[in-house]
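The values are calculated or read from the model by the stated rules, or taken from the named source; none is laboratory data. Since the structure is predicted, the reported quantities are computational estimates derived from the model, not experimental observations. Quick reminder, even Gly has a Cβ in these numbers, built from the backbone with ideal geometry, and neighbours come from all protein chains shown. For the accessible areas, the whole protein counts, side chains as well, though only heavy atoms, and no ligand, DNA or RNA atoms are used. Shrake-Rupley method; radii C 1.70, N 1.55, O 1.52, S 1.80 Å.
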Amino acid sequence: MDEPDADTPPESARPHKLGGDITIFRATELKDDLMQALAVADQYLDLDLADVQEIDTAGVQLLLSTQLEAAVQQKPLRCLNPSPQLVAVLAMLNLTDRLLAGDGA
Amino acid sequence: MDMDMARDALVQEARELLDAMEAALLQIEASGADSEAINAIFRAAHTIKGSAGLFAFNRIVSFTHIVESVLDRVRTGKLPIDAPMLSLLLNCGDYIAQLVDAIAARVEEVEPDPARRAELEEQLNQLLGEPAQTHAAPAPAPVASAIPAAQTSVVEDPVNSPYWHLSLRFLPDVLRMGLDPLSFLQYLGNVGTLLNLRTLPEGLPPLAQLDPEQAYLGFELDLQSEEDRAAIDGVFDFIRDDASIVILSPHAPMHEYRTLLALRPDPQMLAEVLAQGTLTADEAARALLPPEETVESVPVNAPVVMTETAAKAPAARQGEDKKGGYEQKFIKVEVSKLDLLIDLVGELVIAGAGASLIANRRKDSQFEEAVQSIAELVEHIRDAALNLRMVPIGEVFQRFPRVVRDISHELGKEIDLVVTGADTELDKSMVERLSDPLMHIVRNAMDHGIEATEARLAAGKPAAGTLRLNAFHESGSIVIEVSDDGRGLNKARILAKAIERGLVTAEQSLAEHEVFRLIFEAGFSTAEQVTNLSGRGVGMDVVKKNIESLRGEVEMLSTEGAGTTVRIRLPLTLAIIDGFQVMVNESIFVIPLDLVIECIDLAGLDGHHDIVKLRGEPLPFIRLRELFELPRLEHGRESLVVVQFGQQRAGLVVDRLLGEFQAVIKPLGELFSRIKSISGSTILGDGKVALILDVANLVHQAVQQQAAPQNSKAAGSLASPQKSNG
């Protein structure tokens, strides 16, 4: 797991990597992973999504729900380097603006 | 074809809801108004309206809408729920049921009873009265104007959008079931171009509260496509049962959008979503308003209308919640699928019997052991599969509170209904066929059995009669009893009538139960006056025929002056039984194992004239060899199988006992329908056919022969009297 370096400023905090298949099969595991990432995140929750392979409904929900949770904890979610597969799915669902807008993309 | 299935589902759902509505109304009548019951009634009406709207069954929609408006006022306490209101609502429920029947019969374009409808609508509209109703027209004409108004507004008024609109929501469990809504959307791309897609994070919680395997997302989208509805609909074949999928055609009439909004938990929000693409802002706003109010006219009504919708929205949400919970607990399965499963299990049982036969011959103990454990599993699968078809008999019983209420009003008798054993289970196919005979028996009991109040008081009985429905399991059968505490059967009168009809002669001396059995003879009715309830030519003989077609039996018990009980005894299932194989010459017969009491070596018994003395008691018996006219064998020990049906026992004489066996019952052809001693056939492990004995009938034959050997009428068709052959 990523150990954030307490001394480095938030901007340069290493983004949390979320890769592979973001699907129902790993949904529970990924939820825990994301909750932890959020717990250790500072100011922003940065996700590095460059290695996302397959993503299904459960995966999309997970991202949207993470965004909500991040907002609750006042550590806004920033999705960085979305993989082409992820971009395609979010485009189809018209979620690009919602998840990939501004900060990270 | 898909449309047909959807239609069936709608009809079934509507009937269930109507039943629930009726039960709630009767509950209110019995124990006073309670808000839970009133809400249940409202939800039922609301859901029926919603589903019917999806199919544009406008007759139901427009009628139910008025009912719903009245219910809404009841719910908010603006109208009292008193006896006339209850009667009116019950009648409205009946009329909706007629409309549903029309849909089931594919004649929804025809109003089943316009006069009745007008009458009910008038009463409803009177209740709605001045405060907010639509009919600006002065009093006398409201009914006439109501129907056309509702219909014109409903039929016309297409929206602007040239695209299909799809609204998709999914059950929480779809992901866990391996279905991915996303893949259906991707596949939909093959049918047309997705436009204005909106992903609705309906109720999606922040991550901390997220159940990551539950489906939350819903979708609203437009589809530009040249395909027809069937092609678009077909995309969702695999997920349809686990989702709510609404497909609206290009330029769909406004009311379809209206229904869609009503169907979803948050119409306001959805209307806003739709306004961002699918609909114009004006259309979206209009879709939020109830239909009648939107017909050009009266802007004066608008504010009232708004409050009404606002009041409805939470109710709709509540309804959805309830429904969701229900759907998680039960899945609806088409009966034909269950039948197929049971057929296959039947084949499995036969194939298993074949395997164990081979195992026995091989004398290979490991093989035998393996086959044995498979056989055990097959037995479990069989029981589980049959269990799927078992439903509580309460499904039939639940009709009766209403029936008893209506008939007792009509007859001016006070009758209490007591239902016990409603959770006793029996085969679904029997439930359906049991309903009519039971109805007839219940009507009979109320009409002829229970006396008028004065007569009851004169006889020292409580003024209110009691009708009991009871069900329980007993040795492989289900027993259903309908009892009343009425005047009982008059033995002398039945006998006199039977003699008059030539059914028996005056010299014959009949036991009490034999006299009562005469009631089941064709064309027998002792009612001195024919009322419009029973005695309409459909007699107890039809009841008996119906029950016998289910391999069951019906009997009468009665004490004059104290009441009558009609007892129906049915086998638990119609498909597979545990059988006991016996052999006569080379033929194998199967006896339902539940009915076998014991097996005895006949040689040790003293048997004369078809009666043996068993432990000091006489037991009538039948030789299967003679019954089926099989050739006599030289020698051989014979065995006696003692069987019991109901309270009566008889013996069957066979050559050999072969042991237990699971028999898959195959019906007999038309050709054999007159043979009384056989109820079906089955296929043995080695492929041979064995006949299944109709024990009920054989026991009767044996007992009758014992009682009246001289009465030639008593012997069954195949059973030539023993003397001739022996």
- Inter-chain Cβ neighbour average for residues B:178-186, partner chain, 10 Å: 4
- Please list, in chain and number order, the residues 5+ apart from A:HIS16 or on another chain whose amide H is under 5 Å from its amide H, with Hs placed from the backbone. A:ASP46, A:LEU47, A:ASP48
- What is the sum of charges around B:ILE576, taking Lys and Arg as +1, Asp and Glu as -1, for the other residues whose C-beta is under 12 Å from the C-beta of B:ILE576? -3
- Note on the structure: Karplus-derived 3J(HN,Hα) from phi for region B:194-206 (6.51 cos²θ - 1.76 cosθ + 1.60, θ = phi - 60°), whole Hz, x at Gly and Pro, runs 7, 10, 6, 6, 10, 8, 9, x, 4, x, 5, x, x
- Whole-Hz Karplus couplings 3J(HN,Hα) for region B:77-91, θ = phi - 60° and coefficients 6.51, -1.76, 1.60, Gly and Pro as x, run x, 7, 10, x, 9, 10, 4, x, 4, 4, 4, 4, 5, 4, 5
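What is region B:576-708 by shape, rounded, prolate or oblate, if you read a ≥ b ≥ c off the alpha carbon gyration tensor as root eigenvalues and call it rounded for a/c under 1.5, prolate for a/b larger than b/c, and oblate otherwise? Walk me through the numbers on the way to the answer.
Working: a/c = 1.60, a/b = 1.39, b/c = 1.15.
Since a/c reaches 1.5 and a/b is larger than b/c, the shape of region B:576-708 is classed as prolate.
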- Query: Once phi is turned into θ = phi - 60°, what whole-Hz ³J(HN,Hα) does the Karplus curve with 6.51, -1.76 and 1.60 give for every residue of region A:54-68, x standing for Gly and Pro?
  - Reply: 8, 9, 10, 4, 4, x, 4, 4, 4, 5, 4, 5, 4, 4, 5
- Assign one of three labels to region B:392-571, namely rounded, prolate or oblate, based on the Cα gyration tensor with a ≥ b ≥ c the square roots of its eigenvalues; rounded applies when a/c is under 1.5, prolate when it is not and a/b is larger than b/c, and oblate otherwise. oblate
- Note on the structure: Sorted by chain and number, the residues with a modelled amide H under 5 Å from that of B:ILE622, at a separation of 5 or more or across chains, are B:GLY651, B:LEU652, B:VAL653
- Query: Accessible area of B:VAL70, 1.4 Å probe, to the nearest 10 Å²?
  - Reply: 0
- Message: Tell me the relative contact order for region B:392-571 as a rounded percent, counting alpha carbon contacts under 8 Å between residues six or more apart.
- Response: 24
- Message: Looking at region B:427-498, I'd like the Rg to Rh ratio, where Rg is from alpha-carbon atoms and Rh is Kirkwood's inverse mean 1/r.
- Response: 1.07
- Message: With the cut-off at 25 Å, tell me which of the pairs B:LYS544/B:LYS676; B:LYS544/B:LYS688; B:LYS428/B:LYS545; B:LYS497/B:LYS544; B:LYS491/B:LYS544; B:LYS491/B:LYS613 have Cα atoms farther apart than that.
- Response: B:LYS544/B:LYS688; B:LYS491/B:LYS613
- Contact order normalised by residue count of region A:18-99, Cα under 8 Å, 6+ apart, percent: 36
- Net charge of neighbours whose Cβ lies under 10 Å from the Cβ of B:SER639, counting Lys and Arg as +1 and Asp and Glu as -1: -1
- Normalised per residue, the volume inside the convex hull of the alpha-carbon atoms of region B:339-389 in Å³ amounts to 45
- Between B:GLU202 and residues 5 or more places away or on another chain, the pairs with built amide H atoms under 5 Å apart involve B:GLY218
- How big a patch of accessible area, both sides summed and in Å² to the nearest 100, lies buried between B and A at a 1.4 Å probe? 2100
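Please report, in whole Å³, the volume per residue of the convex hull around the C-alpha atoms of region B:164-306.
Per residue, the Cα convex hull of region B:164-306 comes to 122 Å³.
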- Across 10 Å bins from the origin, how do the percents of Cα pairs in region A:18-99 run, short distances first? 19, 57, 24, 0
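Return one whole number: the accessible area per residue of region A:18-99 in Å², for a 1.4 Å probe.
Accessible area per residue, region A:18-99: 41 Å².
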- Message: Below 8 Å between Cα atoms, with a sequence gap of 6+, how large is the relative contact order for region B:164-306 in percent?
- Response: 28
- Note on the structure: Length gained, B:ARG615-B:ASP34, 0.36 nm per residue minus C-alpha separation, equals 203.0 nm
